[in-house]
1. In nm, to one decimal, how far is the modelled label at B:Asp636 from the one at A:Arg84, with both set 7 Å along Cα→Cβ?
2. Would you tally the net charge around B:Asp156, using a Cβ to Cβ cut-off of less than 13 Å, leaving B:Asp156 out, and scoring K and R as +1, D and E as -1?
3. Label A:Ala270 and B:Asp665 with points 7 Å out from Cα along Cα→Cβ: what is the distance between them in nm?
4. Does a label point 7 Å from the Cα of B:Ser350, set along Cα-to-beta-carbon, have any residues of region B:300-333 with amide nitrogen under 20 Å, and which are they?
5. With 10 angstrom as the radius, rank B:Val615, A:Val97, B:Val84 by how many other C-beta atoms surround their C-beta, starting from the fewest.
6. Output the Cα-based Rg and Dmax of chain B in Å, rounding Rg to one decimal and Dmax to a whole number.
7. Order of A:438-446, A:173-181 by packing, highest average Cβ count within 10 Å first?
8. Counting only other chains, what is the mean number of Cβ atoms within 10 angstrom of the Cβ of each residue in peptide A:401-413?
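Quick note: the coordinates plus some simple rules give every number you see, no bench work behind them. These numbers were taken from a predicted model, which means no experiment stands behind them. Quick reminder, even Gly has a Cβ in these numbers, built from the backbone with ideal geometry, and neighbours come from all protein chains shown.
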Amino acid sequence: MAAHLSYGRVNLNILREAARKELREFLDKCSGSKAIVWDEYLTGPFGLIAQYSLLKEHEVEKMFTLKSGRLPSADVKNIIFFVRPRLELMDIIAENVFSEDKLHSSREFHILFVPRRSMLCEQRLKEYFEFHTSYRFVAECYLENDQTSLYHTAKGLMTLQALYGTIPQIYGKGECARHVANMMLRMKREFAGSQNQILPVFDTLLLLDRNVDLLTPLATQLTYEGLIDEIYGINNGYVKLPPEKFAQKKQGEASKDLPTEPKKLQLNSAEELYAEIRDKNFNAVGAALSKKAKIISAAFEERHNAKTVGEIKQFVSQLPHMQAARSSLANHTSIAELIKDITTSEAFFDNLTVEQEFMTGVDTDKVNTYIEDCIAQKDPLIKILRLVCMQSVCNNGLKQKVFDYYKREILQTYGYEHILTLNNLEKGGLLKPQTSSRNNYPTIRKTLKLWMEDANEQNPNDISYVYSGYAPLSIRLTQVLARPGWRSIEEVLKMLPGPHFEERQQLPAGLHKKRQQGENRTTLVFFLGGVTYAEIAALRFLSQMEDSGMEYIIATTKLINGTTWIKSLMDRPECQTP
Amino acid sequence: MAFITANWNPLGEAFYRKTELYEMSWNLRDGLRDSLVAAAPYGGPIALLREPHRRSPSSRPQLEIYSASGVAIASFPWKSGPVVQLGWTVSDELLCVQEDGSVLIYDLFGSFKRHFSMGQSTKLQVLEAKVFHSPYGTGVAIVTGSSRFTLATNIDELKLRRLPEVPGLQGKPSCWVVLTQDRQTKVLLSNGPELFILDNTSCTAVCPPGLSPQAGNIVHMSVSFSYKYLALFTDTGHLWTGSSHLQEKLSEVDTKKTTTPKQMIWCRRPKSQQPSVVLMWDRLLLVAGVCSDTDPCVLVGELDGVRIVSSTNQELLQEVPLVCQDIFKIASMAPGALLLEAHREYEKSSQKADEYLREIKEQSMLGEAVRQCVEAAGHEYDTNTQKSLLRAASFGKCFLTDFSPDQFVTTCRELRVLNAVRESSVGLPLTHTQFKQMTLQVLIDRLVYRQFYPLAIEICRYLKIPDYQGVSRVLKHWASYEAIARAVCVKVGDSPGVSYSHIAAKAYECGRTELAIKLLDFEARSGEQVPLLLKMKRSQLALSKAVESGDTDLVYTVVSYLKNEMNRGDFFMTLRNQPVALSLYRQFCKLQEQDTLKDLYNQDDDHQELANYYVTASYREKRLESRLSLLQSAVDEYNKAKNEFAAKATEDEMRLLRFQRKLDDEKGAGLLGLSLQATIEALLALGLHKQAEQLYRDFKVPDKRYWWLKLKSLAEKEEWEELEKFSKSKKSPIGYLAFVEVCIKCNNKYEAKKYVSKVAPEQKVKAHLAVSDLEGAADAAIERRNESEMAAVLSRCSASDRLLIDRLNRARTTATKK
């Protein structure tokens, strides 16, 4: 079912299985037929570990979405609420249960809190009734100095270590990274009674705080997968696409009833073609697709060469695989067409040009005409914020005059209420007035080679291909850590926010890995506060580079792109005024 | 090696051997004469009370406690009444039964723990007492001056049982033992020629089967370790042995000794078919017929033998385990014996090794041979013998393909441990059999009890016992013993898995709160720290611990506790010192208690956040007046926060709102709540140019944006004349290409063309192209000699534009030439 997870050096299926097992055990605790009431937000993450069939095996007969009012009728013994620990959801549950109680007295109610139960919610529920709870793991958050998500991260890493062995080396950069590492070391002391006897799979853990590299998510990703996410948004491995391009594929049918529902596609490496092109620069995707098309049609041509019964039989046996490949090719050709329409537009080009100017340090200290024009044209606010923040980051803060000008423009055009959003961006460090006269971004750019003039998009030789020139800072840090080591960039590390550190975890004797000649070291890179698809592509590229000697596994609290990231920082008071 | 059997004595089929365990470390002036001695089984400690009956206050008897190897553990003068009997409990506590029936309990280190009495009567006189062990624990039995027996089966749950009267008994019986049978504790006693069994309710006369009538009176009796066998000694020197049920007889021996032995103890190993009895007279030790001379000494019955403690040394008398017999018996052909021989030859590099091996292998007994060697090694006390047996086993193992190494490994490990605890300095002379019976857990407990902490830890580590069962537990005990925080922590240090909170909880129970807090500091699990700290009312500390843990739920727990416990001011002050807790609480308030949020910011003088709060609040207000007043508060706070920009922006917003309200009232424009830009747009759409102009000036809208705005809205309304007028009002800050493009967007090429000529040269080509004027575009491009522009024009040309294409191409070549 999820074979693609087992291929890599680190078998991620173990983690998935562990999560499934926990879920199964939970379901079996409530005997008898069940109905699940879902917090809509959770259906995605749960889809990753459990299909409906699994739930069905455990007597789950009905599924509903959590909403206030009365529950839809269902003849089941147990009602299970799968919810996040949010106070407002507790109120809805209480309402559900009360409206139910009078009808069925023998019914049992359960609540599964994800990622874990919270004291606040329990108290809230206690105001309503007595209950039983149990919990499991996932994560989110940044702005509010809320460390809950960091705590979950640390816990999650402990779980990971319990399954994959203690990670002997921990590196980190940034405030949150330090915090998570501290918590991990602390938890290790707490659990020290039971020494982990698993041979470590990971050699190194690198904790990177998103705060350290604010620039990368703001830039437009230019890999295939990155662009799909930028334009259409990938949610838990699914993307919803406009249906027009897909409808034409059906031959012979009445083409009049165009589907109006968006086309939903699952995207993961189980699909051979997608695995091949997801990390490519979009400009290299076309060539890859046409090459693939030739191979497939050549394969179909084979049938003419098949003479003997045996040969025909062989051909037929390959047919399902070939047909799947053909439909996958058709899908991706359509997606690529959709994307191409956008990337070739003037607006996209202009936007990209400005981004690249900022990243190369051109005129970052003045008000940018393009941004001005975009505001005047009332382009989407998020686009504006992305650009302004980018300019601020690339200039190590904006001159007070420029800073105030942008803010005024935004407030006057998009409304005064965005003053809160601007305040949030300032708190997050994305947007700030220049405090010191020195702009250290050029030094960082030069030392870390963040801009590569001759990025090769077709046959990349450097990670900068993922942004067609810009090499993501976060990944550069990862690369330098592997070779020649962070000591070589001490100066730059000091310029970046937050402390950098190194910790060692003692392994029990006998668990020290004896590395074979030429065997790669494995690093787990954990992005605190999110990672973009392009960054993932860059890391995968590093893994595949023949001489890197490093294998990277990526973990994060969240997958982000500039839009979703800025959105999460926006604060919009609900307007009551009619 | 040959002399291994030298100290073996045959008794019937079996052999007995005496192994010297220790030369006793003690130095006893008077030996063991005139002393009450009690030695605990399983290599337990020895207690010694010299001259228990001496009562002169000037020279009090001394109570001494030694380890089994004679290392002094404690010594103190006996100040209480005369002692009748000493004994050890299963948990190594010393019981001193006094003549008056009170029993004093001391620990291994001679500190008094508690006492109890074996009877209510004050005139109780204990003639004899016995300490016995049963599955229920340690019991005490006494016989009083009034010839009555009293029993306590378990001293930890004291329940005294007075047994029925024995007919015809005067004073104490000639001998008696305590039996545990069928989950009942009974007393077997002899009075002259009669033998009685005394249980809770009755006294029954019994007769041992097969005891010769001429045997005479029973003067001594002994029951085996397991309560299975009984030995009776008569005044004519007859020794009867049989089952303790008195159902069957094992043997009857005439020892030809008419004096009563001082001690008589069963010596047998578990599962042996041939139990034997060790009897001891003043100068004679007799193993059911075999005898040798001895000093005055004490016999200690063990599970699998008898320890003989004398003033100078200590020996273990035991039946030689079968497997050892097999191996070491002279001329034994048992596989183990052959293997041992084979290995010996191998070490001598003799080819005989092969012969022996072949012999074993032919019988396919190699596995058995290895097993025997391993097992025998376990039973041996001498480390050299252990080594040679284990070497032989390991040698034999090499020739076996799938032989489980577990037994070998376990035995090696256990022997290492046993050898360590047998060390004279530790003094636990345990045999392997005893060790197995007593289990490792108990051994560690005993080491802990004897304060051999480092050894206990080493053993735990060596045997890889999980920390929580092993090392941590030892450390916990160690720590609780020391009981002073600093000392504890120096000793316990950073060892993982120690539950300091348990130690601390104990300290708190004892009223030592400060100590408890100090100890808690060392607890790694904050989840454990916090509840106890709350219990001790150290809420501030609890809060900082919760914050430290990073577990936000824990922080919430403390915060909500504090909220209920403290008055609001103190509560806020407490939070103020804990930024993390504060921000968590803020978030909670944001969701639940907006008003509290305001108070919080107020308390902190966080004007920026307070201002933001007012802004958020303003949007919840429906009435404009209240909205404005909230915004005014925001302005004040922004000013206090020195955020001039925000203050100004807010004032602007208020101004805008008032303006919008006025226009809404006047014209019903529906402007309220729109952004400035949207307001101007709306005004222009409504044709209210004057008002739009006013806003533009009042709010200092940048020219560029205003021009864009006006351009677009005029074009949308198709007010072309107005647009043209506007374009001429002054030089356009956004250039004229924008005019062209906006007109085209509104599908008016005619109007668009009007502005092409005004477009700046560098955008001219674009402008011409926008209005599809290829000629003009070509002219402009050629004039500017700009190659890329020419290319752009070319790309728009179709095949029909032959002439144009040629011209452009020519221009291109000249441009490139230059």
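1. With each label placed 7 Å out from Cα toward Cβ, I get 3.7 nm.
2. Value of the local net charge: +1.
3. That separation, rounded to one decimal, is 6.6 nm.
4. The answer is B:327-333, whose backbone nitrogens lie closer than 20 Å to the label point.
5. Going from least to most buried by this count: A:Val97, B:Val84, B:Val615.
6. 51.0, 153
7. Packing order, densest peptide first, comes out as A:173-181, A:438-446.
8. The per-residue average across the peptide is 4.
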